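Read-outs: derived from the displayed coordinates by stated rules, not from any lab. The model shown is predicted, which means the values in this text are computed figures rather than measured ones. Glycine gets a Cβ as well: all are built from the backbone with ideal geometry, and neighbour counts include every protein chain shown.
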Amino acid sequence: MTDPLLRWRAEFPILDTCTYLVSHSLGAMPRAARAQADAFLDAWASRGVRAWSEGWWETSRQTGDLLAPLLGVPAGTVTMVQNVSVAQSAIVSSLDFTGPRRRLVVAELDFPTNQYVFEGWRRHGAEVVYVPSPDGLTQPVEPWLSRIDERTALVCCSLVLFRSSAITDVRPIIERAHAVGARVVLDVYQATGTVPLDLTSLDVDFAVGGSVKWLCGGPGAGYLYARPDVAAAVVPAATGWAAHARPFAFETGALDPAEGEARFASGTPNVSAWMIAQAGYRIVNEVGVEAIRARSLRQTRRIMDHAAARGWRVRTPQDDAWRGGTVTLDVPDSARVAADLLARGVIIDHRPNAGIRMAPHFYTTDEEIDAALAVMDDLVHAS
Ligand SMILES: Cc1ncc(COP(=O)(O)O)c(C=O)c1O
């Protein structure tokens, strides 16, 4: 094992038990997550209510600061929330749909939770505009540009699409939105931890994501980035006492919003989940997303070459520049092939209208990929 990334395998117990190729869905649990859970429980057990002032209340800021370098944003700009749905609700609730600027622009191929949240705002005057995809795999720039205008309040775009792992060229979309006075939220869930990000250079208004996938952080640790000038200018209506400038003054009436990222919080912080998530973030920071990306591109190419040699349909971009960390293989009878792979200890997943999603991460060996593909050869043959 000369590859330095493979040193990390020992930190992920599940790798000893199966071929784990599903980090686009649930990243493997790092051993250190258990120590983090223990630290949380020890504080609760031994310090009780004093734990709030001895660190728990600061958990959102601390956890967000571990994410900041992975997102390419300054410390103090990322707040922790439960998940992307909650983050989007906070962002949309900061907009005003009573005037002419009431459109929410989102891709048809976007992760449905974003669409569900936006649709809910129709009752408050929002209009939802869907951006079509020409091929069901990618979202080219032009259909976005023609749908973003002075009536647009918010553009929501996934940097990496969840079905095909296609990367979208978001810079011209952001520029167009800003030129007409609209804000942009990027959903970076399928990118963070496998695609290097520089959200500051993209000048995006907001970004949202979560931790269950490439960050190996587990559930309950969503995050929301707001550019500092945007955070200073907006106040979410979906809020709570943790977003108050002086939460422990328990002032009644309307919220006086905290400065900066904290105004996107809601109520009691999700301390245990965020502490657990820190274990994965530390490892991903240490391994480095550039190194993860280089390996990922090589190994996803290995999977695609195998598929091409067998004539399997690949529903993921061939071009390295526009492919995220997953390969979607649309083989005949793919739902059954997926079930049989799982039964044989090859852990992948299957999505309707897409196929089998297979993803190496920094802890995956070439031998594991080859073994998984050999099993797939048998199964596809048998169908
Ligand atoms: C792009 C994207 N956004 C959002 C989600 C999930 O949203 P939530 O954090 O609300 O569960 C997923 C996957 O689960 C996703 O792939």
Roughly how many Å is it from the Cα centre of the range 114-149 to that of the range 292-326, as a whole number?
-> 28 Å
Find the relative contact order for the range 20-178 and round it to a whole percent, using C-alpha pairs within less than 8 Å whose residues are 6+ positions apart.
-> 17 percent
To the nearest 20 debye, the chain has a Cα-centred charge dipole, built from +1 on Lys and Arg Cβ and -1 on Asp and Glu Cβ, of 400 debye
What FRET efficiency, computed as 1/(1 + (r/R0)^6) with R0 = 25 Å and r the Cβ-Cβ distance, is obtained for GLU290 and ALA32, rounded to the nearest 0.05?
-> 0.70
Relative to the longest principal axis of the chain, what angle (0 to 90°, nearest 10) does the C-alpha long axis of helix 289-310 take?
-> 40 degrees
Considering the zone a paramagnetic label at THR2 would reach in this model (a point 7 Å from Cα along the Cα-to-Cβ line), which residues of the range 295-313 have amide N under 14 Å from it?
-> none
Other-chain or far-sequence residues with amide H under 5 Å of VAL129's (modelled H) = LEU104, VAL105, VAL106
Among HIS124, HIS361, HIS306, rank each residue by its count of other Cβ atoms within 10 Å, from fewest to most, as a rough exposure measure.
-> HIS124, HIS306, HIS361
Divide the volume of the convex hull of the Cα atoms of the range 78-133 by its number of residues and quote the answer in cubic angstrom per residue.
-> 87 Å³
Within the range 228-268, report the GluC sites (Glu not before Pro) that DSSP leaves as loop and that have at most 11 other Cβ atoms within 10 Å.
-> GLU259
Can you grab the distance from the C-alpha centre of the range 3-61 to the C-alpha centre of the range 230-250, Å, no decimals?
-> 29 Å
Helix 366-381: inclination vs the chain longest Cα principal axis, degrees, rounded to 10, gives 70 degrees
Cα convex hull of the range 123-267: mean projected area in nm², to one decimal?
-> 10.3 nm²
Rg/Rg_globular for the range 243-362, with Rg_globular taken as 2.2 N^0.38 Å and Rg from C-alpha atoms | 1.61
One-quarter of the Cα convex hull surface for the chain, in nm²?
-> 19.6 nm²
Return the calculated 222 nm mean residue ellipticity for the chain, to the nearest 500 deg cm²/dmol, obtained by summing -39500 (n - 2.57) across DSSP H runs with n ≥ 4 and dividing by the residue count.
-> -11000 deg cm²/dmol
Of all GluC sites (Glu not before Pro) in the range 1-81, the ones in DSSP coil with at most 12 other Cβ atoms within 10 Å are GLU54
Inter-label distance for GLU259 and GLU108, nm, one decimal - labels placed 7 Å from Cα along Cα-to-Cβ | 4.7 nm
What percentage of all Cα-Cα pairs in the range 26-183 are separated by more than 27 Å?
-> 39 percent
